[in-house]
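Before any comments, here is the structure.
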Amino acid sequence: MGEQLGLLKVTVVKGRKLVIRDFKTSDPYVVVKLGNQKAKTKFINSCLNPVWNEELSFSLKEPIGVLSLEVFDKDRFKADDKMGHAHLNLQPLASAARLKQFAKVSSAETILRKIVPDTDNCLARESSISCMNGEVVQSVWLRLCAVKSGEIELKIKLIDPPAASSN
(Lines give C-alpha, C1' and ligand atoms only; values in the text may rest on other atoms or scores of the structure.)
Protein backbone atom coordinates (compact mmCIF):
# COMPACT_ATOMS: atom_id res chain seq x y z
CA MET A 1 0.00 0.00 0.00
CA GLY A 2 1.19 3.53 -0.74
CA GLU A 3 3.44 2.61 -3.67
CA GLN A 4 4.63 5.81 -5.40
CA LEU A 5 3.29 5.90 -8.97
CA GLY A 6 4.70 9.27 -9.92
CA LEU A 7 4.27 13.00 -9.75
CA LEU A 8 0.90 14.31 -10.92
CA LYS A 9 1.09 17.83 -12.33
CA VAL A 10 -2.33 19.41 -12.70
CA THR A 11 -2.52 22.65 -14.67
CA VAL A 12 -5.74 24.53 -13.97
CA VAL A 13 -5.99 26.23 -17.37
CA LYS A 14 -9.23 28.21 -17.36
CA GLY A 15 -12.90 28.36 -16.52
CA ARG A 16 -15.83 29.03 -18.80
CA LYS A 17 -19.34 30.33 -18.10
CA LEU A 18 -18.90 30.28 -14.33
CA VAL A 19 -21.88 31.32 -12.21
CA ILE A 20 -22.38 34.78 -10.74
CA ARG A 21 -21.96 34.90 -6.96
CA ASP A 22 -21.41 38.63 -6.39
CA PHE A 23 -23.59 41.43 -7.77
CA LYS A 24 -22.80 40.95 -11.50
CA THR A 25 -19.73 38.72 -11.50
CA SER A 26 -17.49 36.50 -9.33
CA ASP A 27 -13.88 36.37 -8.11
CA PRO A 28 -13.16 32.67 -8.74
CA TYR A 29 -10.41 30.38 -7.51
CA VAL A 30 -10.06 26.59 -7.63
CA VAL A 31 -9.20 24.17 -4.82
CA VAL A 32 -7.86 20.82 -6.08
CA LYS A 33 -7.63 17.76 -3.80
CA LEU A 34 -6.11 14.31 -4.16
CA GLY A 35 -6.52 12.21 -1.02
CA ASN A 36 -5.19 14.33 1.84
CA GLN A 37 -3.20 16.61 -0.51
CA LYS A 38 -4.69 19.99 -1.35
CA ALA A 39 -3.64 23.00 -3.44
CA LYS A 40 -5.39 26.10 -4.76
CA THR A 41 -5.07 28.70 -7.49
CA LYS A 42 -4.96 32.44 -7.00
CA PHE A 43 -8.30 34.22 -7.35
CA ILE A 44 -9.17 36.27 -10.43
CA ASN A 45 -11.08 39.51 -9.84
CA SER A 46 -14.47 40.07 -11.50
CA CYS A 47 -14.37 37.29 -14.11
CA LEU A 48 -16.73 34.52 -15.23
CA ASN A 49 -14.27 33.15 -17.83
CA PRO A 50 -10.99 33.22 -15.86
CA VAL A 51 -7.58 32.07 -17.12
CA TRP A 52 -5.32 30.74 -14.37
CA ASN A 53 -2.67 28.61 -16.15
CA GLU A 54 -1.43 27.50 -12.73
CA GLU A 55 0.39 24.20 -12.23
CA LEU A 56 -0.29 22.30 -8.99
CA SER A 57 1.71 19.18 -8.03
CA PHE A 58 0.55 16.06 -6.21
CA SER A 59 2.15 12.74 -5.33
CA LEU A 60 0.19 9.88 -6.96
CA LYS A 61 0.21 6.70 -4.85
CA GLU A 62 -1.64 3.40 -4.64
CA PRO A 63 -4.55 3.11 -4.18
CA ILE A 64 -5.31 5.51 -7.02
CA GLY A 65 -7.87 8.05 -5.96
CA VAL A 66 -10.11 10.63 -7.50
CA LEU A 67 -8.96 14.15 -8.27
CA SER A 68 -11.61 16.53 -6.98
CA LEU A 69 -11.97 20.23 -7.44
CA GLU A 70 -14.17 22.94 -6.04
CA VAL A 71 -14.57 26.44 -7.40
CA PHE A 72 -15.17 29.29 -4.98
CA ASP A 73 -15.93 33.00 -5.20
CA LYS A 74 -13.50 34.98 -3.03
CA ASP A 75 -15.31 37.28 -0.61
CA ARG A 76 -13.62 39.84 1.60
CA PHE A 77 -15.99 40.09 4.56
CA LYS A 78 -17.87 36.77 4.60
CA ALA A 79 -17.31 33.09 3.84
CA ASP A 80 -16.34 32.34 0.23
CA ASP A 81 -19.27 31.20 -1.93
CA LYS A 82 -19.32 27.81 -3.64
CA MET A 83 -19.38 27.95 -7.45
CA GLY A 84 -19.54 24.22 -8.19
CA HIS A 85 -17.45 21.09 -7.92
CA ALA A 86 -16.23 18.26 -10.16
CA HIS A 87 -14.14 15.10 -9.99
CA LEU A 88 -11.95 13.03 -12.28
CA ASN A 89 -11.15 9.35 -11.83
CA LEU A 90 -7.36 8.97 -12.22
CA GLN A 91 -7.48 5.20 -12.85
CA PRO A 92 -7.60 5.58 -16.69
CA LEU A 93 -4.53 7.86 -16.56
CA ALA A 94 -2.62 5.39 -14.37
CA SER A 95 -3.65 2.49 -16.63
CA ALA A 96 -2.45 4.41 -19.69
CA ALA A 97 0.89 5.05 -17.95
CA ARG A 98 1.28 1.31 -17.36
CA LEU A 99 0.38 0.67 -21.01
CA LYS A 100 3.06 3.18 -22.08
CA GLN A 101 5.70 1.31 -20.07
CA PHE A 102 4.55 -2.09 -21.34
CA ALA A 103 4.26 -1.03 -25.00
CA LYS A 104 7.49 1.01 -24.95
CA VAL A 105 5.81 3.88 -26.77
CA SER A 106 8.16 6.05 -28.84
CA SER A 107 8.71 9.77 -28.24
CA ALA A 108 6.19 10.78 -30.93
CA GLU A 109 2.70 11.75 -29.72
CA THR A 110 0.59 8.63 -29.32
CA ILE A 111 -3.03 8.48 -28.11
CA LEU A 112 -3.22 5.75 -25.47
CA ARG A 113 -6.90 5.99 -24.53
CA LYS A 114 -10.07 8.03 -25.04
CA ILE A 115 -12.64 8.64 -22.33
CA VAL A 116 -16.20 9.72 -23.10
CA PRO A 117 -18.56 11.66 -20.84
CA ASP A 118 -20.96 9.47 -18.84
CA THR A 119 -22.82 9.43 -15.53
CA ASP A 120 -19.70 8.24 -13.65
CA ASN A 121 -17.57 11.26 -14.55
CA CYS A 122 -17.84 15.03 -14.87
CA LEU A 123 -16.43 15.23 -18.39
CA ALA A 124 -17.98 17.98 -20.51
CA ARG A 125 -16.60 16.37 -23.70
CA GLU A 126 -14.45 13.45 -24.84
CA SER A 127 -10.93 13.42 -23.40
CA SER A 128 -7.79 11.70 -24.68
CA ILE A 129 -4.84 10.39 -22.74
CA SER A 130 -1.66 10.62 -24.80
CA CYS A 131 2.02 9.98 -24.53
CA MET A 132 4.00 13.10 -25.50
CA ASN A 133 7.76 13.22 -25.23
CA GLY A 134 7.70 10.24 -22.86
CA GLU A 135 5.10 11.76 -20.51
CA VAL A 136 1.49 10.65 -20.08
CA VAL A 137 -0.82 13.66 -20.46
CA GLN A 138 -4.57 14.26 -20.44
CA SER A 139 -6.47 17.39 -21.45
CA VAL A 140 -9.92 17.52 -19.95
CA TRP A 141 -12.93 19.84 -19.63
CA LEU A 142 -14.92 19.13 -16.46
CA ARG A 143 -18.54 20.21 -16.06
CA LEU A 144 -19.20 21.72 -12.64
CA CYS A 145 -21.91 20.05 -10.55
CA ALA A 146 -24.50 21.67 -8.25
CA VAL A 147 -24.61 24.88 -10.35
CA LYS A 148 -26.46 26.11 -13.44
CA SER A 149 -23.34 26.44 -15.61
CA GLY A 150 -19.58 26.28 -15.57
CA GLU A 151 -16.68 24.23 -16.90
CA ILE A 152 -13.02 24.00 -15.91
CA GLU A 153 -10.19 23.01 -18.25
CA LEU A 154 -7.34 20.95 -16.80
CA LYS A 155 -4.14 19.59 -18.32
CA ILE A 156 -2.84 16.64 -16.33
CA LYS A 157 0.63 15.14 -16.63
CA LEU A 158 1.86 12.00 -14.90
CA ILE A 159 5.63 11.92 -14.49
CA ASP A 160 7.18 8.53 -13.69
CA PRO A 161 8.83 8.19 -10.30
CA PRO A 162 12.62 8.01 -10.37
CA ALA A 163 13.87 4.43 -10.74
CA ALA A 164 15.02 2.91 -7.47
CA SER A 165 18.76 2.49 -7.36
CA SER A 166 19.94 -1.09 -6.91
CA ASN A 167 22.82 -1.61 -4.47
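The values are calculated or read from the model by the stated rules, or taken from the named source; none is laboratory data. Predicted model only: the values in this text are computed from it and were never measured. Cβ: placed from backbone, ideal geometry, glycine included. Neighbour counts: every protein chain shown. Just so you know, the surface numbers come from the protein's heavy atoms only, side chains and all, with ligands and any DNA or RNA stripped out. Shrake-Rupley method; radii C 1.70, N 1.55, O 1.52, S 1.80 Å.
The set of residues from region 61-85 being open to solvent by less than 70 Å² (accessible area, probe 1.4 Å), touching a residue at least 60 places away in the same chain (Cβ under 8 Å) and either touching a helix residue (DSSP H, G or I) at 6+ places or on another chain (Cβ under 7 Å) or more than 27 Å from residue 3 (Cβ to Cβ) (or both) comprises 71, 81, 83, 84. One residue stands out in region 1-20 among those that are at pLDDT 95 or above and not hydrophobic (A, V, I, L, M, F, W, C): the one that is surrounded by the fewest Cβ atoms within 10 Å (Cβ to Cβ), namely 17. Residue count for region 109-164 under the criterion of being free of Cβ contacts under 8 Å to residues at least 12 places away in the same chain, open to solvent by 90 Å² or more (accessible area, probe 1.4 Å) and acidic (Asp, Glu): the result is 0.
Scan 120, 81 and give me the residue that is modelled with pLDDT of 95 or more and over 14 Å from residue 158 (Cα atoms).
81
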